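Remarks on the structure that follows.
The values are calculated or read from the model by the stated rules, or taken from the named source; none is laboratory data. Predicted model, so just to flag it, every value in this text is computed and none were measured. Backbone-built Cβ (ideal geometry, glycine too); neighbour counts: all protein chains shown. The accessibility values were calculated without ligands, DNA or RNA, using every heavy atom of the protein model including side chains. Shrake-Rupley method; radii C 1.70, N 1.55, O 1.52, S 1.80 Å.
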Amino acid sequence: MNPRSDIPLIDLAVQHASIRDEIDAAIAGVIDSSNFILGDEVTSFEREFARYCGCPLAVGCASGSDAILLALMACGVGPGDEVICPSYSFFATASAISRLGARPVFADIASPSYDMDPNHARALALSCTRLRAILTVDLFGQVSSIDAFLRLSQDFQVPLIEDAAQSVGARDSQEQRAGSRATIGCFSLYPSKNLGAMGDAGILTTASAELAQRLRELRVHGARSQYLHSAVGINSRLDALHAAVLRVKLPHLDSWTKTRRENAAYYDRGFTAAGAGTADASLDRTALSLLIPSARPAPAEHVYHQYVIRVPAKRRDDLSAHLRRQGIETAVYYPIGLHEQPCFATLGSDRASLPNTEIATRQALALPVHPGLQRSQLDRVLQEVVGFFREAH
Ligand SMILES: *Cc1c(COP(=O)(O)O)cnc(C)c1O
């Protein structure tokens, strides 16, 4: 975080101040129990998290990255297999596939949203010879085209894994929550995520008792019982301290999400009134060279992990620098598509063209939208962004 920014992208101090006593008591309880790995706090959190997501089962683990790795392992992904995933995502989406010796097959996103394009994913699936899973990402806090991906996974008889690291609590067009309809949902509980632990943590959701059992074994080195290993797993357990803190935070999540959604709606109104286009408009035909994010219509619910605007590529870095000088922190998620990462060059995918991904990497900019923001801070962000384009810097 930029120490000089008075409007940071995330402000956990505000969040923790309101529930500090409860957190202190929860941490003290774990210290008194001297039970630090898995145990009752973790089991209780798993039960509460599953209920929150509307999914029968949840299995805690050490991070969101491990959640994706464990999900792929539980689905039997191994060397030489192919897994379709979007190129426009955080690195962990694809690295989990590579770490198992499998090959990420990168699909483009479906502009104006940021999710994987189901049509492109289907075309890629037809050209795969060893397709083993489809990995969709709910980027920025909105459930991806889950119905289309469920159909794809049925048609090709492969599991659907949902990287829901950024979308906890989001609802899809059927009013179902993120992570509840895929074969396995993967969540990160990294501190800056909408529901964050006080360190690294993650959790998986599934409706399958068999998969849940396999995940519980894989997170403890594949042990079915002590010192009896049915598979080679990893060490990826959820700590009781994190679970205890998360149990304090979970009941507040919906109210924090509500504030994120209100902040986003406030930006939407302010930018639209100033001449910004909606996400499917053409950037050069809007009065203000800015597009607001696209949100699926109700009953779907975006949880705005990030509020991402589109601005002309050649102005984006200047806008970000201008805002930084005004103490407003912004971020670029993500400046390079995964298909263009040097570590994936051997796949040959760096030479493929994923036009929507490439445009998004140059135009997207995330503005502060966290629930600790004051109305006056939202007004300042609006004023500085709109002023930047009006005054033709
Ligand atoms: C944060 C994130 C992850 C990884 O989670 P960690 O808990 O940081 O390991 C994976 N995928 C996406 C889309 C993320 O945003």
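For every residue, the table says whether it meets (1) open to solvent by 20 Å² or more (accessible area, probe 1.4 Å); (2) within 30 Å of residue 69 (Cα to Cα); (3) not in a helix (DSSP H, G or I).
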| residue | (1), (2), (3) |
| --- | --- |
| 212 | no, yes, no |
| 237 | yes, yes, yes |
| 243 | no, yes, no |
| 250 | no, yes, no |
| 258 | yes, no, no |
| 269 | yes, no, no |
| 272 | yes, no, no |
| 281 | yes, no, yes |
| 288 | no, no, yes |
Selection within segment 340-393 - of a type in the set (Asp, Glu) and over 23 Å from residue 273 (Cα atoms): 340, 350, 358
What about residue 195, is it away from the ligand (no atom under 12 Å from the Cβ) and either open to solvent by 10 Å² or more (accessible area, probe 1.4 Å) or not β-branched (Val, Ile, Thr) (or both)? no
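Has segment 378-389 got any residue that is of a type outside the set (Asp, Glu), modelled with pLDDT under 95 and in a helix (DSSP H, G or I)?
Initially, segment 378-389 is screened for residues of a type outside the set (Asp, Glu), giving 378, 380-383, 385-389.
Among the residues that remain, those that are also modelled with pLDDT under 95 are: 389.
Pick out the ones that are also in a helix (DSSP H, G or I) and you get 389.
Within segment 378-389, one or more residues are of a type outside the set (Asp, Glu), modelled with pLDDT under 95 and in a helix (DSSP H, G or I).
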Step by step: first the residues of segment 106-126, then only those that are free of Cβ contacts under 8 Å to residues at least 40 places away in the same chain and closer than 26 Å to residue 208 by Cβ, then the one that is farthest from the ligand (Cβ to nearest atom). Which residue is that? 122
Within the bounds of segment 5-19, is there any residue that is assigned to a helix (DSSP H, G or I), more than 16 Å from the ligand (Cβ to nearest atom), among the acidic types (Asp, Glu) and out of contact with any helix residue (DSSP H, G or I) (no Cβ under 9 Å at 6 or more places or on another chain)? no
In segment 128-169, residue farthest from the chain's Cα centre (by Cα) [restricted to those that are within 20 Å of residue 111 (Cβ to Cβ) and without any contact (Cβ under 8 Å) to a residue 40 or more places away in the chain]: 152
Selection within segment 45-63 - open to solvent by 20 Å² or more (accessible area, probe 1.4 Å), touching a residue at least 40 places away in the same chain (Cβ under 8 Å) and part of a helix (DSSP H, G or I): 48, 52
Which pairs have Cβ atoms under 7 Å, sit 6 or more apart or on different chains, and link a residue in segment 241-268 that is within 20 Å of residue 187 (Cβ to Cβ) and touching a residue at least 60 places away in the same chain (Cβ under 8 Å) to one that is surrounded by 22 or more Cβ atoms within 10 Å (Cβ to Cβ) and of a type in the set (Ser, Thr, Tyr)? 260/304
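I'd like the full set of residues that are of a type in the set (Gly, Ala, Ser), open to solvent by less than 30 Å² (accessible area, probe 1.4 Å) and modelled with pLDDT of 95 or more, limited to segment 110-144.
Within segment 110-144, 121, 125, 133, 141, 144 meet the criteria.
Tally the residues that are at negative phi, of a type in the set (Gly, Ala, Ser) and either outside any loop (DSSP other than H, G, I, E, B) or within 13 Å of the ligand (Cβ to nearest atom) (or both), restricting the search to segment 171-192. Don't jump to the end; show me each part of the working.
Residues of segment 171-192 at negative phi: 171-174, 176-178, 180-192.
After this cut, where a residue has to be of a type in the set (Gly, Ala, Ser) as well, the list is 173, 178, 180, 182, 185, 188, 192.
Retained after the next criterion (residues that are either outside any loop (DSSP other than H, G, I, E, B) or within 13 Å of the ligand (Cβ to nearest atom) (or both)): 178, 185, 188, 192.
Number satisfying all stated conditions: 4.
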Looking at segment 189-213, I want the residues that are within 20 Å of residue 248 (Cα to Cα) and have a partner that is surrounded by fewer than 24 Cβ atoms within 10 Å (Cβ to Cβ) and modelled with pLDDT under 95 with Cβ atoms under 7 Å, at least 6 apart or on another chain. Which pairs are those? 191/12; 192/10
